[in-house]
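Have a look at the structure below before the remarks.
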Amino acid sequence: MYIDLKNSIDNSKLKIAANMIEKGKIVIFPTETVYGIGTNGINEKAVARLYEIKRRPLNKPISLLVNSIEMINMIAKDITDIEYKLIKEFLPGPLTIILKKKNIVPDLVTANSDTVGVRMPKNEIALKLIEYSGVPIATPSANISGKTSGIDMKDIMKDFNKKVDCFIDSGPSEIGVSSTVVQVIDGKTHILRHGSITEEEIKNFSRNLS
């Protein structure tokens, strides 16, 4: 299925795609950073298919996209004050924060780690998909592992034609750079992957805490 949302958002079509995600189908959709390829993040069989289609090594975890603090609390536990402040400061936005996971999150998602990457995208289409599906969406970037992250649907469709269940096209990605990944360790915020939120922004956040 191909859904063209380059000019306007069609909620009825998004609900169809969200229903696919809830049932464990694979959908490619936009975020503000790059396109994501996603499925129901608490459905282990669906996540296994996602790994297979993307050719992603099983030792590389997949982050979960959420649309609310309630959904974060559904999948993560023991969230510290600093982690909540990071969430409040940068989400929705291009930040992925590593949190302790709850048992609802399959080990396959986290590569058997006790932590999970959590992101709340600043993109209306992505947020509506999460809302309408009612589940966190396991979402790596829409590319075959090892290739450049997907920012243009034409290139993405070449890689995934007939392999996924739905493509949602909203035009070229707004930012075009993956999210910054952070983890709070011993009360300090560490950058694990540099992205569109700069190191200086993270440092300013940390300075303002003290």
### Task
Could you identify the single residue in Ile79, Ile104 that is under 20 Å from Ile21 (Cβ atoms) and either surrounded by 22 or more Cβ atoms within 10 Å (Cβ to Cβ) or of a type outside the set (Asp, Glu) (or both)?
Ile104
#### Entry: Selected residue (criterion: surrounded by the most Cβ atoms within 10 Å (Cβ to Cβ)) from residues of the stretch 153-170 that are free of Cβ contacts under 8 Å to residues at least 24 places away in the same chain and of a type in the set (Asp, Glu)
Asp159
### Message
Go through (1) more than 25 Å from Ile82 (Cα to Cα); (2) at pLDDT below 90 for Ser206 and report which single condition fails.
### Response
(1)
### Query
Conditions: (1) farther than 14 Å from Thr31 by Cβ; (2) in contact with an Asp or Glu (Cβ under 6 Å, 6 or more places away or on another chain). Asn112 meets all but one. Number of the miss?
(2)
### Query
So Ile144 fits all but one of (1) of a type outside the set (D, E, K, R); (2) surrounded by 13 or more Cβ atoms within 10 Å (Cβ to Cβ); (3) touching a strand residue (DSSP E or B) at 6+ places or on another chain (Cβ under 9 Å); what number is the exception?
(3)
### Message
Regarding the stretch 136-155, can at least one residue be identified that is touching a helix residue (DSSP H, G or I) at 6+ places or on another chain (Cβ under 6 Å), farther than 24 Å from Ala76 by Cα and modelled with pLDDT of 95 or more?
### Response
no
### Task
State whether the residues of the stretch 86-98 include one that is in contact (Cβ under 8 Å) with a residue 60 or more places away in the chain, buried (at least 19 other Cβ atoms within 10 Å of the Cβ), under 22 Å from Met157 (Cβ atoms) and among the hydroxyl-bearing types (Ser, Thr, Tyr).
no
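Tell me which strands (runs of 3 or more DSSP E) are completely within the stretch 1-110 and hold 2 or more residues being among the aliphatic types (A, V, I, L, M) and within 23 Å of Leu192 (Cα to Cα), or say none if there are none. Steps first, answer last, please.
Numbers: elements: 2-4, 27-29, 36-40, 95-101.
So the answer is 95-101.
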### Task
Could you list, in sequence order, all residues of the stretch 171-208 that are over 23 Å from Ser149 (Cβ atoms) and either surrounded by 13 or more Cβ atoms within 10 Å (Cβ to Cβ) or under 17 Å from the mean Cα position of the chain (by Cα) (or both)?
Val184, Thr189, Phe205, Ser206
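The values are calculated or read from the model by the stated rules, or taken from the named source; none is laboratory data. Remember, predicted model here, so these are calculated numbers, not experimental data. With ideal geometry, Cβ positions are generated from the backbone for all residues, glycine too; neighbour counts draw on all protein chains shown.
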